[in-house]
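To start, the structure under review is shown below, and the notes come after it.
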């Protein structure tokens, strides 16, 4: 059974972190980063062609994470595969013993490094969750029996912003109906917003991991504000980055957010996103006291 699922089931504070596979075949850095958090996180969420950039697949990188002694969360993106390929990927994950799944729809290819690639979007995140649920019941999406079933702890993403909180909660309900058993949020910097989100979703009965991202520079923070939907970094934090040593201050900010989320019980856990600086995840956990 999934360790992540067990931790959330007993009410312990869950800690996950995000790992992006390399663009190329050299896995040395990823292996080192995994070794640095072994025993400190409950699962490593491995991105699937994040930001529509061609990389090693989540499935292959999940095997590297498992070999390193850390439980993986495979991401499946609807953008790049039709339902036959998605279901085949899910079966392959089951054969490898991968228990956790995060279903995402995916950014359009025009935002990535192959802007002329054709988007598929045969299934969105809800459809991927439905496929995983069918598998756990012993059939494919068409109702055909499987020779051996798989077990997943399926999850999905949510972006709690002031402007779209109502529609996001409606989407959460659809994802729960499709099989989502946990949620991972976009990076959150406004803890009052997170508190309201928690209050409005308390009745859903599904655990939420609050996203905590490492801000590496003031310039990068401004770029995120301009270009990433759902991200709103306060000017006060950007000023802190500008005034101090950027990486050090970014780690300090992330640690403060983790401590506050835990102390105020604003989520059932955290999901740390170091965005290309995965070797810093341990330092972020140290700063957050977890």
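With respect to the stated conditions, residue 142 is part of a loop (DSSP other than H, G, I, E, B) and in contact with a helix residue (DSSP H, G or I) (Cβ under 9 Å, 6 or more places away or on another chain). Going through region 17-31 one residue at a time, which ones are within 14 Å of residue 275 (Cα to Cα) and crowded, with 17+ Cβ neighbours inside 10 Å? Those that are within 14 Å of residue 275 (Cα to Cα) and crowded, with 17+ Cβ neighbours inside 10 Å: 17, 18, 19, 20, 21, 30. Could you say which residue among 215, 241, 194, 266 is within 20 Å of the chain's Cα centre (by Cα), within 30 Å of residue 23 (Cβ to Cβ) and buried (at least 20 other Cβ atoms within 10 Å of the Cβ)? 215 is the lone residue from the list that is within 20 Å of the chain's Cα centre (by Cα), within 30 Å of residue 23 (Cβ to Cβ) and buried (at least 20 other Cβ atoms within 10 Å of the Cβ).
With farther than 25 Å from residue 80 by Cα, in contact with a helix residue (DSSP H, G or I) (Cβ under 6 Å, 6 or more places away or on another chain) and surrounded by 17 or more Cβ atoms within 10 Å (Cβ to Cβ) as the only criterion, which of 208, 188 stands out?
Values: 208 fails: in contact with a helix residue (DSSP H, G or I) (Cβ under 6 Å, 6 or more places away or on another chain).
Going through 208, 188 in turn, just one is farther than 25 Å from residue 80 by Cα, in contact with a helix residue (DSSP H, G or I) (Cβ under 6 Å, 6 or more places away or on another chain) and surrounded by 17 or more Cβ atoms within 10 Å (Cβ to Cβ): 188.
Would region 145-155 turn up any residue that is crowded, with 16+ Cβ neighbours inside 10 Å and closer than 26 Å to residue 260 by Cβ? Looking through region 145-155, at least one residue is crowded, with 16+ Cβ neighbours inside 10 Å and closer than 26 Å to residue 260 by Cβ.
Is at least one residue of region 87-108 within 30 Å of residue 236 (Cβ to Cβ) and part of a strand (DSSP E or B)? It would help to see each step written out before you state the result.
Narrowing region 87-108 to residues within 30 Å of residue 236 (Cβ to Cβ): 107.
With part of a strand (DSSP E or B) added as a condition, the list becomes none.
Checking region 87-108: not a single residue is within 30 Å of residue 236 (Cβ to Cβ) and part of a strand (DSSP E or B).
Collect the residues in region 6-28 that are outside any loop (DSSP other than H, G, I, E, B) and touching a strand residue (DSSP E or B) at 6+ places or on another chain (Cβ under 7 Å), keeping them in residue-number order. Passing the criteria: 7, 8, 14, 15, 16, 17, 18, 19. Any residue that is out of contact with any helix residue (DSSP H, G or I) (no Cβ under 8 Å at 6 or more places or on another chain), touching a residue at least 40 places away in the same chain (Cβ under 8 Å) and in a loop (DSSP other than H, G, I, E, B) - is there at least one of those in region 51-64? Yes; the residues of region 51-64 include at least one that is out of contact with any helix residue (DSSP H, G or I) (no Cβ under 8 Å at 6 or more places or on another chain), touching a residue at least 40 places away in the same chain (Cβ under 8 Å) and in a loop (DSSP other than H, G, I, E, B). Under the condition of being at pLDDT below 95, surrounded by fewer than 20 Cβ atoms within 10 Å (Cβ to Cβ) and within 27 Å of residue 42 (Cβ to Cβ), the residues counted in region 81-120 number 1. Is it true that some residue in region 228-250 is touching a strand residue (DSSP E or B) at 6+ places or on another chain (Cβ under 8 Å), at pLDDT below 90, within 19 Å of residue 40 (Cα to Cα) and outside any helix (DSSP H, G or I)? No, region 228-250 contains no residue that is touching a strand residue (DSSP E or B) at 6+ places or on another chain (Cβ under 8 Å), at pLDDT below 90, within 19 Å of residue 40 (Cα to Cα) and outside any helix (DSSP H, G or I). Scanning region 162-198 for residues that are more than 23 Å from residue 75 (Cα to Cα) and either part of a loop (DSSP other than H, G, I, E, B) or in contact (Cβ under 8 Å) with a residue 40 or more places away in the chain (or both) gives 162, 163, 164, 189, 190, 191, 194, 195, 198.
The values are calculated or read from the model by the stated rules, or taken from the named source; none is laboratory data. In this text the structure is predicted, and so the values were computed from the model without any measurement. Virtual Cβ from ideal backbone geometry, glycine too; neighbours counted across all protein chains shown.
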